[in-house]
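Inspection log for the structure reproduced underneath, given as structure tokens.
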Amino acid sequence: MIWVVILGITKALKLEKHGFEIKPYSLTYKNSQVQLVLTRILGRTRRGIRVFADVSVVAGFIMMGFGFWFLIDNITKFFDRPAEFSELTVLIPGVTLTSSSSILYFLLSIPIVLVIHEGAHGIVATLEKIRIKTGGFAIFIAMFAGFVEPDDEEFNKSKKISKLRVIGAGATSNVIFALALGALLLTNPFFAIILPEPIRSGFYETPQGVNVLGVMSGGGAEKAGIQVNDIITSINGIPIITPVDFAKIKLIPGQTVKVSALRNGISSEYQVDVMPSPDDPKKGLIGITRDNSVSYKPVLHFIEWNNPAISMFLLWLWMISFFIGIINMLPLPILDGGKFIHSIIDKKLSDVMVNRTMWAIYAFTFALFGLNIALSYLKSGWFTI
């Protein structure tokens, strides 16, 4: 309904005459004066932008290498250390993003990340004296994107180092933004959930486990001897530090699991029979009510985070900015990483060899990425947030 209203207003005001392009499912605005704005910004920050542009070339290689290392290392974890395997999915509102809060945080984060990304491309292109034909934004139903459109002919004629600076600038800006936001979020207990060790233990006091608030009458936990205020520390050898860790364990009704818990500082082990959930008989429960609050305590505690919605939005913004930066530098056809590699090998090989080399790299990257998603599906089924 909102989309119909937007299109109706655009038509009524005849905004097509002012750079708007209207289609049934999209609204695009283009402005040819974007380079004037970028030139003014550049005039005040030229030295800093020059340093940033040079850093972007080095950062491009580092991010691409990190992306490959993560994908390969994650595959080995699936077979060697399954508990450490990181599940990957493609974020699609309504498909893999199913909760209203996740969709909202995603839709609010994407415009910010893309404006930073495309703005960095544009300002470095201006620094390298590559003309920007247009810039603007596009709305596709509920998705928003900013963009700059360099002159293809001038870009292709520019020096190789200039191309690498322009291409690497977008992803580098996203990662720098994520690092700055991450430094702020180190004061937030929610941020600890997604931080890897040893970074997490350096900035947060690690909780002992998850507190038991209640025990179901006649359930497996009660029969095994687990009591209220016990602290669950592991299930079947898998560490339980926060409520999120329970998602790592697949409980099957009828099986018996080994639960480790602390009581008055003393650790004990319990053999707990898994019972079927009243809501879903295929889902297993150990028969407790747990404390679902995040119990990490930041060492740097100078900001009071009293609004969970703001915390979660900033967490999503950090996550999307960081991973868009890293993933965008993977060598795939539509991503900056593909253009980055193409600019390096172009003119060093024949056109035929360049194309063959690029498609071989694309195939290898697709295989790694696809295998990670397939293994995620094998581990937990269709992954949704």
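Brief remarks follow.
- Being at pLDDT 90 or above, closer than 20 Å to ILE324 by Cβ, touching a Gly at 6+ places or on another chain (Cβ under 9 Å) and of a type in the set (Gly, Ala, Ser) is a condition met by at least one residue of the range 62-72.
- Checked against (1) touching a helix residue (DSSP H, G or I) at 6+ places or on another chain (Cβ under 8 Å); (2) closer than 20 Å to ASN174 by Cβ, GLN35 passes all but condition (2).
- Selection status of ILE41, of a type outside the set (Ser, Thr, Tyr), in the same structural domain as ILE327 (by TED's automatic domain parsing), surrounded by 11 or more Cβ atoms within 10 Å (Cβ to Cβ) and modelled with pLDDT under 80: yes
- ALA178 vs. criteria crowded, with 21+ Cβ neighbours inside 10 Å, part of a helix (DSSP H, G or I) and in contact with a helix residue (DSSP H, G or I) (Cβ under 9 Å, 6 or more places away or on another chain): yes
- Applying the criterion of being hydroxyl-bearing (Ser, Thr, Tyr) and at pLDDT below 90 to the residues of the range 234-282, the residue that is farthest from PRO82 (Cα to Cα) is SER277.
- Any hit, the range 342-349, residues being among the charged types (D, E, K, R), assigned to a helix (DSSP H, G or I) and in the same structural domain as THR187 (by TED's automatic domain parsing): no
- The combined condition, being in the same structural domain as ARG290 (by TED's automatic domain parsing) and surrounded by fewer than 19 Cβ atoms within 10 Å (Cβ to Cβ), is not fulfilled by VAL212.
- Just one of the listed residues (ALA192, ALA221, ALA171) is surrounded by 17 or more Cβ atoms within 10 Å (Cβ to Cβ), outside the structural domain of GLU87 (by TED's automatic domain parsing), not in a strand (DSSP E or B) and not acidic (Asp, Glu), and it is ALA221.
- Extreme residue, farthest from ARG50 (Cα to Cα), among residues of the range 144-166 that are modelled with pLDDT under 90 and not in a helix (DSSP H, G or I): PHE144
- Just one of the listed residues (PHE340, PHE322) is within 18 Å of ARG200 (Cα to Cα) and among the aromatic types (Phe, Trp, Tyr), namely PHE322.
- Counted residues, the range 27-72 - those being of a type in the set (Phe, Trp, Tyr), over 20 Å from GLU128 (Cα atoms) and in contact (Cβ under 8 Å) with a residue 12 or more places away in the chain: 4
- Residues considered: THR76, THR45. Of these, the only one that is part of a helix (DSSP H, G or I), of a type outside the set (A, V, I, L, M, F, W, C), over 20 Å from the mean Cα position of the chain (by Cα) and under 27 Å from LYS157 (Cβ atoms) is THR45.
- Annotation: of all residues in the range 104-118 being touching a strand residue (DSSP E or B) at 6+ places or on another chain (Cβ under 7 Å) and either in a loop (DSSP other than H, G, I, E, B) or of a type outside the set (A, V, I, L, M, F, W, C) (or both), the one that is surrounded by the fewest Cβ atoms within 10 Å (Cβ to Cβ) is PRO111.
The values are calculated or read from the model by the stated rules, or taken from the named source; none is laboratory data. As the structure is a prediction and not an experimental result, all values here were calculated from the model. Neighbour counts are summed over all protein chains in view; Cβ atoms, including those assigned to glycine, are modelled from backbone coordinates with ideal geometry.
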